[in-house]
Amino acid sequence: MILIIAHKELRTLFASPLAWTLLALMQLVLAWIFLGRLDTFLEMQSQLVQISNPPGVTEIIVAPLFATTAVVLLIATPLLTMRLIAEERRNHTMIFLISAPISMTDIVLGKFLGLMIFFSVEISLVVALSISLLSGSMLDFGLLLSNIAGLFLIAACFASLGLYMSCLTAQPSIAAAGALGALLVLWAVDITTNNIDSIAQDFSLLKHYENFNRGIIDTFDIAYFVLFTLTFLVLSIRRLDGERIRG
Amino acid sequence: MTEKDSILTISAHSLRRDFGTYTAVREINLELKRGEVLGFLGPNGAGKTTTMRMLTGNLAPSSGSVEICGIDLLDKPRNAKIHIGYLPETPPLYQELTVNEYLRLAAKLHRVSSIKIYSALDEVKLHCGLKDTGKHLIGSLSKGYKQRVGIAQAIIHDPDVIILDEPTIGLDPNQMREILSLIRELGTKHSVILSTHILPEVESVCDRVQIIHQGKTVFNDTLFGLKQKGISLEEMFAQLTLNNETLVNL
């Protein structure tokens with residue numbers, strides 16, 4: 001049942017120009033940044049040779065590329081998540097799903113899965129950009145994998161938060177604004193503090209993503225992302241179930 | 001399971017629904033046998049749609065119980081909902097899907113096995129006059145056709161109970177006649193609840209009429225019984241719902 005909902009989500013997503021436009025624009029921006037980094041690398045190359053143990057292409061081109069991708073996804077996610085539940089409500093199609101013999105959990109997980117498949121497409125495009133470097137250089141695959149894992153986990157966080165925001169309203173634009181606001185706050189929650197041990201640091205999405213970006217896979221970061229995603233998925237399910245009772 | 005239960009497809013007892021301090025449905029009992037078409041009537045705001053939302057699991061009742069084919073809707077919603085087909089007031093359509101895609105989705109969600117989907121799809125399109133529109137986008141269809149797609153999604157999984165909320169709205173007279181004969185046909189094998197404001201429609205297809213007013217059942221009898229009393233449905237409706245003073249205790 002989850003797969004049927006996910007399939008339906010992808011079908012309706014790709015039937016609209018939104019998905020294609022987003023993919024194209026994101027790729028354009030990322031390719032531009034990729035080229036910029038490549039240029040920097042080529043300029044620096046002569047100096048790099050003189051350092052012992054110099055950073056490679058993966059550190060100089062791929063890691064910053066992934067860091068930017070996370071920001072681009074942060075901005076794009078609200079556009080994708082706002083329709084998930086809010087638009088179903090507005091078009092009176094939520095009744096269609098609720099009347100079917102499936103649970104709210106199926107609906108929420110199906111929608112989440114559909115979105116994650118879309119994100120996987122986007123991530124694979126970024127990976128393709130990075131892999132293209134293989135034609136003229138070596139890649140640090142460990143660092144690349146750590147970046148992919150980090151991007152995937154942070155995309156899951158964005159998706160679950162956006163999905164929850166979409167559950168709260170029948171207006172897609174409010175869902176989008178809410179998701180963007182909440183994500184930006186979480187992204188930069190540590191900006192007010194310089195103290196490294198501050199609790200705000202632990203709540204910042206960016207801080208946890210930075211570790212993956214540098215090639216450090218820490219269980220604390222993984223736990224944070226997984227718990228974050230689960231929390232908002234459970235909240236979404238509870239919210240929709242509660243609606244049946246409150247009316 | 002007693003014999004009575006196996007004949008009854010819907011049995012709802014003392015349904016009540018409050019929205020804050022406002023009570024939309026006060027006390028409604030509803031029973032429906034297989035092969036029966038029930039006309040569910042009432043003035044605007046009487047609580048028809050609220051009742052139907054409760055019968056289809058879209059809204060939890062404040063108190064009362066609903067059983068669909070002997071399965072408790074509140075305890076085992078997923079098992080009970082397989083037996084229900086529901087067309088809400090506004091047909092729940094995805095404008096960006098084609099008719100075929102949408103109906104296949106409806107069938108899959110109602111657990112129609114993948115072998116049966118194609119025959120079910122053909123059959124339902126034939127029934128609802130959608131033969132040539134399979135590849136059209138739903139968004140490009142006229143209102144009447146959208147309404148037909150809405151009915152098609154409610155019956156594609158061959159449910160025991162079909163609940164239609166004003167299904168003939170926006171149809172031309174020919175389509176209306178077709179849909180009514182479709183409902184009559186469905187009523188021979190299934191149970192149908194038909195909510196509408198068009199009384200001649202009720203007289204032509206329904207076996208029994210239940211009129212609700214201010215969240216309570218004020219009339220519940222067969223059309224045959226009504227005819228024997230020599231009162232027309234319209235008179236009855238007006239008498240029961242127009243002003244409360246003339247309301248007789250039934």
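Bear in mind these aren't lab numbers, they're just calculated from the coordinates by the rules spelled out. These figures come from a predicted structure and were not determined experimentally. Cβ: placed from backbone, ideal geometry, glycine included. Neighbour counts: every protein chain shown.
Side notes on the structure shown:
- Across the protein assembly as shown the C-alpha pair distances fall into 20 Å bins from zero in the proportions 21, 43, 24, 10, 2, 0 percent.
- Our coupling estimate for the stretch A:6-12, obtained by passing each phi through the Karplus curve with A = 6.51, B = -1.76, C = 1.60 and θ = phi - 60°, is 4, 4, 4, 4, 5, 4, 6 Hz, Gly and Pro reported as x.
- Signed unit charges on C-beta, dipole axis of the stretch A:1-131, positive-most listed residue A:ILE75, A:PHE112, A:SER46: A:PHE112
- Extent of the stretch B:93-158 along its three principal axes (Cα atoms, max minus min coordinate, largest first): 30, 21, 18 Å.
- Net lengthening on full extension, A:ASP218/A:LEU18 (0.36 nm per residue, minus Cα-Cα): 68.5 nm
- Mean Cα-pair separation over length for the stretch B:14-95, i.e. relative contact order, pairs under 8 Å, 6 or more apart, %: 25
- Ratio of Rg to Rh for chain A: 1.02 [Cα atoms; Kirkwood radius as inverse mean 1/r over pairs].
- With contacts taken as Cα pairs under 8 Å and at least 6 residues apart, the stretch B:93-158 reaches a relative contact order of 51 percent.
- Spread over its residues, the convex hull of the C-alpha atoms of chain B is 138 Å³ per residue.
- Translational D in µm²/s for the stretch B:43-122 (Stokes-Einstein at 4 °C, 1.567 mPa s, Kirkwood Rh from C-alpha pairs): 89
- Translational diffusion coefficient (Stokes-Einstein; Kirkwood radius from C-alpha pairs) of the stretch A:1-112 at 37 °C, 0.692 mPa s, in µm²/s: 191
- Per-residue ³J(HN,Hα) for the stretch A:207-222, Karplus 6.51 cos²θ - 1.76 cosθ + 1.60, θ = phi - 60°, Hz, x for Gly and Pro: 4, 6, 6, 4, 4, 4, 4, 8, x, 9, 9, 10, 4, 4, 5, 4
- Whole-angstrom gap from the stretch A:82-126 to the stretch B:160-186, using each part's C-alpha centre: 31
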